[in-house]
Amino acid sequence: MSDQKTPLVAPTPADAVASAAATSSIGASSVDYSAPPPYPVSAVPASFPANTVYDPLIDLDAYVDATYPRRSGILFSKVPSGPLKPAYLPANADGSKTFFYCVTVGLKVGIVTDASIAAEYTNGVSSAFKKKCHSHSAALKYFNEDLANGKVRIGKYRKSSRDRLVWCVIV
């Protein structure tokens, strides 16, 4: 036997999620929270609003209502002064997976669930950036990190050559 001590290893995020799922009173212990959403209906707490996107990685007390000024689900024409908080966002009516689009550089910035809205505020903007996230918590983390690092900004629309009307004369 050696007298060497085994170094402590920090748990990985997957271990933390598995541990939380096993000890959580939210749903059955057989629910795999590491799997991509949507989660089984049995995993959604009864107090969570119907027809909204549920993310078990966000504490239920962290959600804010529609009157809170800095929340996900809207785009801002000015860079927010502080981190965004999660809001109840509508799930897709057809039951398909809901994606989150994090716009950090565009005509407006924020987190939305509609790809066409994200594209509307990034197309034609110089150095525009949007990221597609698979979960609400990932989108919030990404946006808030970029906000803290000063990477979130309002861009300016730049006309491209394809926006100009071109007249062709055929002889």
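Computed from the coordinates by the stated procedures, all read-outs in this text should not be read as laboratory data. These numbers were taken from a predicted model, which means no experiment stands behind them. Please note: Cβ atoms are built from the backbone with ideal geometry, for glycine as well, and neighbour counts cover all protein chains shown.
Between Asp94 and Val79, the modelled labels are 3.8 nm apart [label points 7 Å from Cα along Cα→Cβ]. Packing-based ranking of 125-131, 82-88 yields 82-88, 125-131, ordered from highest to lowest mean Cβ neighbour count within 10 Å.
When only alpha carbons of region 74-140 are considered, Rg and Dmax amount to 11.8, 35 Å. Using the Cβ-Cβ distance between Tyr157 and Thr67 with R0 set to 25 Å, the FRET efficiency from 1/(1 + (r/R0)^6) comes to roughly 0.25.
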